[in-house]
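Q: First the structure, which I've put down as structure tokens, then a few questions once you've had a look.
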Amino acid sequence: MPREIEFREALREAMSQCMRDDPRVFLMGEEVAEYNGAYKVSKGMLDEFGPRRVIDTPISENGFAGLGIGAAMMGLRPIIEFMSWSFSLVAADQILNNAPKMLYMSGGQFGCPIVFRGNNGAGGQLGSTHSWCVESLYANVPGVKIVLPTTPYEAKGLLRTAILDPDPVFFLESERMLGMKGDVPEEPYEVPFGKARIVREGTDCTIVSFGRPVHFCIEAAETLEKDGIDCEVLDGRSVRPLDIDAIVKSVRKTNYCVVVDQAWPFASISSEIASQVHKRCFDDLDNHVHRVNADDVPAPYAYNLEQEMLPNARKIVEAVRSATYQA
Amino acid sequence: MSIDITMPRLSDTMESGTILKWNVKEGDEVSSGDVVADVETDKATMEMQVYDDGTIARIVVDEGDTVDVGTVIAILAEEGEDPSGVDSSSESSEKKSKKKEAKASDDEDEEDSSDEEKSTATATKDRDDDEDDDSEEDDSDRESKSKKKDDSKKESRREDSEAESDDRGEKDSDRSRSDEGAGGNGRLRVSPVARRLADDHQIDVRNIQGSGPSGRIIKRDVMNAIESGAETRASVPPGAKRKSTSDVAHPIVPAAAQDEDQAPGPLEETSIKLSNMRQTIAKRLVESKTTIPHYQVTLTFNMDPLLELRKTLNQQLEPQGVKLSVNDFLVRACAIAMHRHHEVNASWGEDHIKVHGEVNVGIAISLPASRGGGLVVGVIRNADQMGLRGISAESKRLAEKARTKGLTTEEMSDSTFTISNLGMFGVEHFTAIINPPNSAILAVGAAIQKPVVRDGALAVGHEMQATLSLDHRVIDGAMAAEYLRTLKQIIENPASVLV
Amino acid sequence: MTTATQPQAEENLAAKLPPDTLQQWLRDMLLIREFEVRTMQAYQDRKIGGFCHVYIGQEAVAVGCTAAVEHKDPIITAYRDHGHALARGMDPRYAMAEMYGKIGGCAKGKGGSMHLFDKPNNMFGGHGIVGAQCPLGTGLAFATKYEDEVMKGGTNTRVTLCFLGDGALNQGAFHEAMNLAGILDLPIIFICENNGYSMGTAISRGTTMGHNITSKAAGYGMESAIIDGMDIFTVYNGMKPLVDRCRDTSRPIFVDMRTYRYKGHSMSDPRKYRTKEEEQQYESNDVIDKLANWLMQEGHLTEDAYDKLVKEIRKEVRASMKWADNSPEPDIKELYTDVFVEEWGPFLGTSPPQIVKDAEGAGNDEDDDETREDDDD
């Protein structure tokens, strides 16, 4: 039965249900146990599963990320929480060199069924070091799956899929969305990776995005509708695997494409999608693919500067107008 | 069996080595692990050991000589073997190395350059954080590497500036490009989908004025060209003007926003840039009006029976959400009338007249200002095969789609006859310009209540005037009159449209 | 509060083992030595590419340590990994073929010299980045304890051996792993194979307290020991009680294993940073000679038997080279296998290497000299 719960509760429910089903699943990270989670995602889990399965770690990302990978090599199913993906950078060697390559380097002997999850993205005036959007950076590495949920329903289904997945999954949440409410079924269910969700159907321009900016896209589409521009909004769900087929199908219909990506523009998901769309939809495009990214600068602290730096509905509206020659 | 000792690869990038010093001489006994020579590699001076026990039978390469990795440099006689009798187990390889030496001295330059190429190739391949052994890189490597660095720097700078124009400076760069003028350099800018659409419709893009940046021809321009290709009327609703970037200086004020009671101010003289659709309308209709010998035939229809039938039908159909219009009856009537007058459903083909096998009735649809104004002709295919409800649904769909999303080319093509109805504006009578390649167009006025003579008595009834414009090359006056008479029979006995 | 023990263990446990066992140790060390010599040769013949780090001189460490644990105990090490793989029981054919970049390699030629994995023998790899295997090792120890205690409800039964070089002492990953092992009470022994040089830098030049690295463990309140790694008896005698204690208490231990590599850091290292005399001093007191001499003195080995053993091993290693030579190169489709477990997009899923297939179908073709095509669909 669906009932309205918060995003963080949806995440917790996905983890708890998997942990009840499978004793190999455990949760480890900073403040996940006694503190009930830095963002209260794991609230109550220590009480249910005990300290052997909900494990507090020191602030030692490279250490516990590597520990998780070693445990996954032995066949456990770790969920490793990064309080922020910004902190995953100090664990880069483990999460980029070991997790995604273990299966390959061992010639298929040792897989790495692990989920790294935590908050990703800017918007909370945290300054440059704490405002990373890691999806573009990490998407460059083969062997990982990268997922960005957009609603409580999506979050629960995608996280379950991630925990059951035999490969390493980077699960990128947003602290700005943890309080978002939505209808979520009580029973377990899976939402597939690599299958984009059509959030809104339209005929005049395709807007593709991932994670939190999908909501800005919806807002922009509503504004544009008043001007008679009927946008189709796609939530890609996972950056890797990328559902390029769904994007291509939509662009063939609309002839225009805007990609909204909260990471920096250079060598980014948006540039990758633009490249693939230009390749596969060359004869269907009436204009080059337009991109809305964070500005190519470190994330600033000042509220106005930070807001200006990030993708927002206004920028998306402008991009769609420009792409469809209606600026 | 003797064992060849070959020049070993002593570093990951080593291609050749120089024997600096032999630590053994012919006849010396050696055992596995003994250092027999010092070899200079591309990176360092290394000790060279042997891997087998035995006696040095021959030293093939002298101190100071440089040979490729893999070249035999000495031969080892195994235990119990006579050192004086042994020869290389691969005599040919020895010869090859000698030949190589000779060649090197003959043709040193060539050899050098190819070596350099090789070493560069390997040097770029072998990077690893684990090793810090490139401190003794030779100069050529360093040079080629630094050259590469410069190149990549240039490239990234170029990419930077591209990225900038992509995201930030788009307007600026567009402006500077448009200064050159569209196609000023003889190159036509056409978006890929616009080019594809134009090809599909056999439209020459050179005749289209692009409205995109730098005069780029975009999908909208081609769509407009296709639409106005089907244009039939010379008169275009006032204010019908498509929105485009060039129009921004003269925004259209929506009709609803105009206050009717307000005293009108003086009219401002403005010059409105022609849209593609407007240009095409102008071109096609001048062509039609000046090349087709038009004439008109007008007939008045008693509309009472039809209006009565329509009322009854609409009452019955209301629960199903169907509402038939007068025009739906007209489309049906015109279409079935063609079965008795094939010649009206025809086209002029210069040296022949083509009588069509399908009856496809075009209906002129005016577009709202928000979609740029103008008008298009939507086509109800095989209208003679369709019932009233089908015609009604299709014509509603076409009108709605034309006014919101625009019609596809297919929805605007292949009409054989066109109806233009201004009855909804209260117009009593007008004439229309033929929509080529049609040979006839029916201009329909309003059904107006007026004093009429019915059965010799004056009465109040509804009458409608319809005027057929015809191409005299295809259809003569009497033929036109007969077609209209048939149409009148059908309309005044409307039950026949139902079957 | 370090409880570092001295090099000499109280009791010569090794000497009490059956002579068969000690003869097997000798064989294992000889196999590693010969394998490494031929590795150098094959590298110089350009059969082996990339980076290559040989284990010559340190044989007693890998053989003695693996002898002190059980087969079910996971081991993990850094990139100088040939010795550990062979000591753990990897067939030299798979190791050699791996370095030759052939399909018969333990990782189908996709890992190379620095990345030898052997799942059937609980060898969790060779790892290329200095120190990066330490957090992984804590993960292995975490998992064994979790399986035994949380999933099965019993007590911990396994000990993880995590080998590292002295160069790894200065990596953050090592310190984070030590701290986690301490905080989480993990059954792991960190064995620092202290050969005195991190690449070309002597320990005194790169590591504070380099003369007494057990002080690193003291900082984590961890039990530690100094063991002479240049004698397999001291290695075994030192390690055995530590392994037993680690298994019982499930507490981590750090070992300063004093050893020496006779050869350079890698194949392109001219070893100018140390003297010939230093090298000769170690080589004259060779680990293999020591054990062979002891066995002879005790009457468990004759000169003839030794020569025969040496020849036998030489033959075995040569056969492994031939086998590696004959093994085909990996099919180009291998480029896209083992990226992800399941098939999607251009990726072809995963398929086990021959080392795993042979272990599963053990006994089918022990003496099969022919490399079979890996013709999985």
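What follows is calculated from the coordinates using simple rules that are stated; it is not laboratory data. Being a predicted model, the structure only gives us computed values, none of them experimental. Heads up, the Cβs are rebuilt from the backbone with ideal geometry, glycines too, and the neighbour counts pull from every protein chain shown.
Q: What are the chymotrypsin sites (Phe, Trp or Tyr not before Pro) within segment A:103-157 that DSSP puts in a loop, where the Cβ has at most 14 other Cβ atoms within 10 Å?
A: Within segment A:103-157, no chymotrypsin sites (Phe, Trp or Tyr not before Pro) qualify (loop, at most 14 other Cβ atoms within 10 Å).
Q: For the protein assembly as shown, compute Rg over Rh where Rg is the Cα radius of gyration and Rh is the Kirkwood radius from the inverse mean 1/r over Cα pairs. Display every interim value, and only then the final one.
A: Details: Rg = 42.2 Å, Rh = 36.9 Å.
Radius of gyration relative to Kirkwood radius: 1.14.
Q: Also, I was wondering about something else. Can you work out D for segment C:1-110 in µm² s⁻¹ from Stokes-Einstein, where Rh is the Kirkwood radius over C-alpha pairs, the temperature is 4 °C and the viscosity is 1.567 mPa s? The partial results should precede the final answer.
A: On the way: Rh = 15.5 Å.
In µm²/s, the coefficient rounds to 84.
Q: Another one. On a C-alpha basis, how far is the centre of segment A:176-192 from the centre of segment C:203-277 in Å? Whole number, if you could?
A: Rounded to whole Å, the Cα centres lie 51 Å apart.
Q: Follow-up. Give, rounded to the nearest 20 debye, the magnitude of the charge dipole that segment A:2-185 has about its Cα centre when Lys and Arg contribute +1 at Cβ and Asp and Glu contribute -1 at Cβ. Walk me through the intermediate numbers first.
A: Values: 17 positive and 22 negative charges, 52 e Å.
In total the dipole reaches around 240 debye.
Q: Sort segment A:2-185 into rounded, prolate or oblate with this rule: let a ≥ b ≥ c be the square roots of the eigenvalues of the Cα gyration tensor; rounded if a/c is under 1.5, and if a/c is not under 1.5, prolate when a/b is larger than b/c, oblate otherwise. Walk me through the numbers before you get to the answer.
A: Working: a/c = 1.45, a/b = 1.20, b/c = 1.21.
Rounded.
Q: If exposed means no more than 14 neighbouring beta carbons inside 10 Å and the site is in a DSSP loop, what's the longest run of chain A without any exposed GluC sites (Glu not before Pro)? Write down the numbers at each step before the final one.
A: Numbers: sites that count: A:34, A:186, A:201.
Result for the longest clean stretch: A:35-185.
Q: Given Cβ point charges of +1 (Lys, Arg) and -1 (Asp, Glu) and nothing else, what value in debye, to the nearest 20, does the dipole of chain C about its Cα centre take? Walk me through the numbers on the way to the answer.
A: Working: 40 positive and 60 negative charges, 269 e Å.
For chain C, the charge dipole is close to 1300 debye.
Q: Based on the Cβ-Cβ distance from residue A:276 to residue B:201, what FRET efficiency comes out when R0 is 30 Å, to the nearest 0.05? Please list the in-between numbers first.
A: Values: r = 29 Å, r/R0 = 0.96.
So the FRET efficiency works out to roughly 0.55.
Q: Looking at chain C as a GNM with Cα springs under 10 Å, which of C:48, C:76, C:129 has the largest mean-square fluctuation?
A: Of the options given, C:129 has the highest mean-square fluctuation.
Q: Still on this structure: If amide H atoms are built 1.01 Å from N in the plane of the peptide, which residues on other chains or at least 5 residues away come under 5 Å of the amide H of residue B:24?
A: none
Q: Do the sum for chain A: with -39,500 (n - 2.57) for every DSSP H run of n ≥ 4, divided by all residues, what is the mean residue ellipticity at 222 nm, to the nearest 500 deg cm²/dmol? Provide the component values of the computation, followed by the final result.
A: Numbers: 11 runs with 110 residues, N = 327.
Per the formula, -10000 deg cm²/dmol.
Q: Over 31 Å, how big is the tail of the calculated P(r) for segment B:293-498, in percent of all Cα pairs?
A: 17 percent
Q: Then there is this: When the Karplus curve 6.51 cos²θ - 1.76 cosθ + 1.60 is applied with θ = phi - 60°, which whole-Hz ³J(HN,Hα) does each residue of segment B:210-223 get, with x for Gly and Pro?
A: Couplings: x, 10, x, x, 6, x, 4, 7, 10, 3, 4, 4, 5, 4 Hz.
Q: Between helix A:313-323 and chain A, what is the angle of the helix's C-alpha long axis to the longest principal axis, kept within 0 to 90° and rounded to the nearest 10?
A: The two axes meet at around 50 degrees.
Q: DSSP loop (so not H, G, I, E, B), at most 10 other Cβ within 10 Å: list which trypsin sites (Lys or Arg not before Pro) in segment C:37-82 pass both filters. Write down the numbers at each step before the final one.
A: Details: sites: C:38, C:46, C:47, C:72, C:80; in loops: C:46, C:47, C:72, C:80.
For trypsin sites (Lys or Arg not before Pro) across segment C:37-82 that sit outside H, G, I, E and B with at most 10 neighbouring Cβ atoms in 10 Å, the list reads C:72.
Q: So, one more: Starting from 0 in steps of 5 Å, tell me what percent of the Cα-Cα pairs of segment B:410-475 lands in each bin.
A: Per 5 Å bin, starting at zero, the Cα-Cα P(r) for segment B:410-475 comes out as 4, 17, 19, 17, 15, 13, 8, 6, 3, 1, 0 percent.
Q: Here is a further query. Please identify, among A:78, A:185, A:23, the residue showing maximal mean-square fluctuation in a Gaussian network model of chain A using a 10 angstrom Cα cutoff.
A: A:23
Q: Under DSSP H, which helices of chain C have Cα atoms covering 30 Å or more of the helix axis and a Kyte-Doolittle average no less than -1.0? Working shown, then result.
A: Values: long enough: C:19-44 (37 Å, -0.55); C:303-326 (34 Å, -1.17).
Length and hydropathy pass: C:19-44.
Q: Note down the magnitude of the dipole of the protein assembly as shown about its Cα centre, charges +1 on Lys and Arg C-beta and -1 on Asp and Glu C-beta and zero elsewhere, to the nearest 20 debye.
A: On the way: 136 positive and 203 negative charges, 1505 e Å.
Result for the protein assembly as shown is approximately 7240 debye, rounded to the nearest 20.
Q: Residues with amide H under 5 Å of residue A:25's amide H, sequence separation 5 or more or different chain, H placed in the peptide plane at 1.01 Å from N; which?
A: Amide H to amide H, under 5 Å and 5 or more residues apart or across chains, residue A:25 pairs with A:77.
Q: Counting pairs of alpha carbon atoms under 8 Å apart in space and at least six apart in sequence, what relative contact order in percent does chain A give? Walk me through the intermediate numbers first.
A: On the way: 741 pairs, mean separation 53.5, N = 327.
That works out to 16 percent.
Q: Which whole-number percentage describes the relative contact order of chain C, with Cα contacts under 8 Å and a sequence gap of 6 or more?
A: Values: 714 pairs, mean separation 86.3, N = 377.
Computed value for chain C: 23 percent relative contact order.
Q: List the trypsin sites (Lys or Arg not before Pro) within segment C:266-341 that fall in a DSSP loop (any state other than H, G, I, E or B) and whose Cβ has at most 15 other Cβ atoms within 10 Å.
A: Working: sites: C:271, C:272, C:274, C:276, C:290, C:308, C:311, C:314, C:315, C:318, C:322, C:333; in loops: C:271, C:272, C:274.
Of the trypsin sites (Lys or Arg not before Pro), the ones in loops of segment C:266-341 whose Cβ has at most 15 other Cβ atoms within 10 Å are C:272, C:274.
Q: Among the listed pairs C:276/C:315; C:145/C:290; A:145/C:72; B:273/B:354; C:145/C:333; A:40/A:145, give every one whose C-alpha distance is greater than 27 Å.
A: Working: C:276/C:315 31 Å; C:145/C:290 37 Å; A:145/C:72 32 Å; B:273/B:354 38 Å; C:145/C:333 38 Å; A:40/A:145 25 Å.
Violating the 27 Å limit, Cα to Cα: C:276/C:315; C:145/C:290; A:145/C:72; B:273/B:354; C:145/C:333.
Q: How big is segment A:197-323 along each principal axis, measuring the range of its Cα positions in Å and listing the largest first?
A: So the three principal-axis extents are 42, 33, 24 Å.
Q: With everything on Cα atoms, drop me the angle between helix A:61-73 and the longest principal axis of chain A, reported from 0 to 90° to the nearest 10.
A: 80 degrees
Q: If you don't mind, there's one more thing I want to ask. Could you pull out which residues in segment B:468-497 have an amide N less than 15 Å from a spot 7 Å beyond the Cα of residue B:353, following the Cα-Cβ vector?
A: B:470-484
Q: Taking chain A as the reference, fit the longest principal axis to its C-alpha atoms, fit the long axis of helix A:269-280 to the helix C-alpha atoms, and give the angle between the two in degrees, 0 to 90, nearest 10.
A: 50 degrees
Q: While we're looking at this one, here's another question. Classify chain C from the C-alpha gyration tensor, please: rounded if a/c falls under 1.5, else prolate or oblate depending on whether a/b exceeds b/c. Present the calculation step by step, with values, prior to reporting the outcome.
A: Working: a/c = 1.43, a/b = 1.16, b/c = 1.24.
Taking the square roots of the gyration eigenvalues as a ≥ b ≥ c, chain C is rounded.
Q: So if we plug the beta-carbon distance of residue B:404 and residue C:204 into 1/(1 + (r/R0)^6) with R0 = 60 Å, what FRET efficiency do we get, rounded to 0.05?
A: 0.15
Q: Please list, in chain and number order, the residues 5+ apart from residue B:190 or on another chain whose amide H is under 5 Å from its amide H, with Hs placed from the backbone.
A: Those lying under 5 Å, H to H, from residue B:190 are B:217.
Q: How much length is gained on full extension from residue B:286 to residue B:18, taking 0.36 nm per residue of separation minus their Cα-Cα distance?
A: 87.5 nm is the gain from fully extending residue B:286 to residue B:18.
Q: Another question, if that's okay. Relative contact order of segment A:2-185: what whole-number percent is it, with Cα pairs under 8 angstrom and at least 6 residues apart?
A: Working: 363 pairs, mean separation 52.3, N = 184.
Relative contact order here is 28 percent.
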